[in-house]
Amino acid sequence: MPHYTLLRRYRPGQPLSPIIACHYKTFPHMTSSNPLPVPVAAVIGGGPAGLMAAEVLARGGMRVDVYDAMPSLGRKFLMAGKGGMNITHAEPFDVFLTRYGAHRPDIEPLLRGFPPDALREWIHGLGIGTLVGTSNRVFPADMKAAPLLRAWLHRLRESGVHFHVRHRWCGWDDQGKLRFATPDGEYVIDADAVVLAMGGGSWPQLGSDGAWVPLLSQRAIPIAPLRPANCGFDVEWSTYFREHFAGEPLKSVAATFGDVRRQGECVITEHGIEGGLIYAHSAALRNEIERAGHATLHLDLLPDWPPQRVQDEVSHPRGSRSLSSHLQSRLGLKGVKANLLREALSAEQMHDPALLAQTIKDLPLCLVAARPLNEAISTAGGLAFEALDERLMLKQMPGFFCAGEMLDWDAPTGGYLLSACLASGYAAGNGTLDWLRSPPEPAL
């Protein structure tokens, strides 16, 4: 029997809305006396989650329209790829799931539906090869985001997906239809199902501005405040240090907060510190600052040196050499690392060998605030999972599904963000299909 879908909102004899009627299509087995319209799905947000939902819906036979406020699609996706497009991670799946911390119970079902291996196969289906780096991070073979996005958009267009850029969602009109602000004025559309995938509040210049929050809050949808994730932090540097070392990389260091120690590199900024090593701790640091007003991160400036070796080299007689020359010749500490020690210790303390050695291996760095949300790589907070059913449909608003960074979760960089965004889009797309295909509710 030919496959077709039933519209939950329409029953035999019920007239089609003008918007649905204009997209009307019959299947070969239908008769003119009893046609069934093809469901129309509106996807609001043209980032990874929205595009993945659109692909699933199009493959399911839906008419799909994607709306985005920006002049082009996938802008944040392209920005993320400028430093090498980290797609996902090749570590064991059980370890991969731990990266989502307290949000694992919400994210795990989504990732099991579209795990990292399936994501790589999906990319290969676009004609894009992948490679695994030395840190087990997975990248496109050419390390670029643009070819991947071009291939993806081409396939979506070929499958019948329609794109509408410069369409900013403004909520609903009095009849419950979707309102969009466009360069040509307000545009109102109707749809059988809607997928909301509008991102969080980071990088607003690329489209993720959190403008959806008041629209859903007005409908009493529970939303956790949007907060910066994978962000830098403010440090009260001395004027000298700020003027001389802002922009300097801090390489081959380890950072410890609580029981978690990670090794890598970061960057000194005018306001404080940022970079991959800091992002790995950012959720815990942000939470501690919110709780206590500050957080102390501990840096090991020589993570490959055992403490006794550091102590021996610091204590080695230096004769007439200055302390700076001694630290550089015996321990290789100069520039930004040597001056970090001077930020932590007084001039007198710098001449205490035991304290100096201890600080080299365990330099306390007081962080006083997270950088603003619009500077963060990603967003924590968002639409609460308890507001959604297992299909990612809003319980209070049947037919509205949510995906991506607008949901309340966060994760470190390293491919975890993109993996979960795509998995949530995949789940929302399938949830939408399931809802549209389910039998209509009995007429009252």
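A few points about this structure:
- Simple rule: put +1 on each Lys or Arg Cβ and -1 on each Asp or Glu Cβ in segment 233-370, find the dipole, and look at S238, A255, L297; the Cα lying farthest toward the positive end is A255.
- Percentage relative contact order, segment 233-370, counting C-alpha pairs under 8 Å, at least six apart: 32 percent
- GNM result for the chain, Cα springs below 10 Å: residue of R155, R291, R391 fluctuating most strongly: R291
- The mean sequence separation of alpha-carbon pairs under 8 Å and at least six residues apart, normalised by the residue count of the chain, gives a relative contact order of 23 percent.
- Nearest 10 degrees, 0 to 90: helix 416-437 Cα axis against the chain principal axis: 20 degrees
- Placing pseudo-labels 7 Å out from each Cα toward the beta carbon at E375 and Y187 gives an inter-label distance of 3.6 nm.
- Each peptide in 402-411, 359-368 was scored by the mean count of other Cβ atoms within 10 Å over its residues; highest first, the order is 402-411, 359-368.
- Here r is the Cβ-Cβ distance between Q349 and R104 and R0 is 30 Å; the resulting FRET efficiency, rounded to 0.05, is 0.10.
- Here the simple spin-label model places points 7 Å from the Cα toward Cβ, and for R242 and E390 these points are separated by 5.4 nm.
- Placing a label point 7 Å from the Cα of K251 along the Cα-to-Cβ direction, the residues of segment 294-313 whose backbone N falls under 19 Å from that point are 300-305.
- Each Lys and Arg contributes +1 and each Asp and Glu -1, all at the Cβ; summed about the Cα centre of the chain, the dipole is approximately 860 debye.
- Antiparallel %, DSSP beta bridges [both residues in the chain], to 5: 70 percent
- Fluctuation leader among L78, L355, L302 - the chain, Gaussian network, Cα springs under 10 angstrom: L355
- Every helix of 4 or more DSSP H residues in the chain counts as -39500 (n - 2.57), and over all residues that averages to -9500 deg cm²/dmol at 222 nm.
- One decimal place: the segment E265-A224 gains 11.6 nm when fully extended, by the rule 0.36 nm per residue minus the C-alpha distance.
- Prolate is the label for segment 116-209, because a/c, from the alpha-carbon gyration tensor with a ≥ b ≥ c as root eigenvalues, is 1.5 or above and a/b exceeds b/c.
- Rounded, prolate or oblate (a/c below 1.5 giving rounded, otherwise prolate when a/b exceeds b/c) for segment 236-315 by Cα gyration tensor: oblate
- Proximal charge balance of H164 [Cβ under 10 Å; K/R count +1, D/E count -1]: -1
- Recomputing Rg/Rh (Cα atoms, Kirkwood Rh) from the coordinates shown identifies the correct label among (i) 0.98; (ii) 1.09; (iii) 0.96 as (ii).
- The Cβ shell under 15 Å around V188 holds other residues with a net charge of -3, Lys and Arg each +1, Asp and Glu each -1.
- Label-to-label distance, nm, for residues given as S322 and H124 (7 Å Cα→Cβ offset): 5.9 nm
- Placed amide H near T130: partners under 5 Å, 5+ positions off or other chain: A141
- Full extension of the chain between S135 and L97 yields a length gain of 12.0 nm, computed as 0.36 nm times the residue separation minus the alpha carbon distance.
- Links that overshoot a 18 Å alpha carbon limit, given the list K82/K337; K251/K361; K76/K395; K76/K251: K82/K337; K76/K395; K76/K251
Laboratory data are not the source of any read-out in this text; all were calculated from the coordinates shown. Treat the numbers as computed from the prediction; the structure is a model and nothing was measured. We place every Cβ from the backbone using ideal geometry, glycine too, and count neighbours over all the protein chains shown.
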